Amino acid sequence: MVAEPPDAAWARLGAEPGLCAACQHAKLNETRRGTVYLRCTRAAWDSRLPRYPRLPVTRCVGFDPVGGSLGAEQQGGGGASGDPPGQRGDEID
């Protein structure tokens, strides 16, 4: 069997992932039948986030870029969409 490049699964996702494409918490799962879906691993401990987000994700309070070490809340107080400090995107209180 020929190994696929990592981007091949993203192409079979069927929708643009939005922010999830650059988030370290996004995990692609593939079934034996070849169906690919995206799971947010941060949802396991952050109840504000859906486990299987609707795509494309345009705003997310849990966005943590690949290679980054701080969550969106810790990166200047705004949400991942560039909200000014004090406004945290679609965060649920």
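The values are calculated or read from the model by the stated rules, or taken from the named source; none is laboratory data. Quantities reported herein were computed from a predicted structural model and do not represent experimental measurements. Virtual Cβ from ideal backbone geometry, glycine too; neighbours counted across all protein chains shown.
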Scanning region 10-25 for residues that are modelled with pLDDT of 90 or more and either in contact with a Cys (Cβ under 7 Å, 6 or more places away or on another chain) or assigned to a helix (DSSP H, G or I) (or both) gives Leu19, Cys20, Ala21, Ala22, His25
Check whether at least one residue in region 54-76 is modelled with pLDDT of 85 or more, of a type in the set (Gly, Ala, Ser) and loosely packed, with under 12 Cβ neighbours inside 10 Å, and report yes or no. no
Could you check, for region 26-44, whether at least one of its residues is at pLDDT below 95, part of a loop (DSSP other than H, G, I, E, B) and of a type in the set (Asp, Glu)? no
Any chance Arg48 is outside any strand (DSSP E or B) and at pLDDT 90 or above: yes
Looking at region 37-57, I want the residues that are under 12 Å from Ala21 (Cα atoms) and have a partner that is of a type in the set (A, V, I, L, M) and in a loop (DSSP other than H, G, I, E, B) with Cβ atoms under 7 Å, at least 6 apart or on another chain. Which pairs are those? Leu38/Leu13; Leu38/Leu55; Cys40/Leu49; Leu55/Ala15; Pro56/Ala15
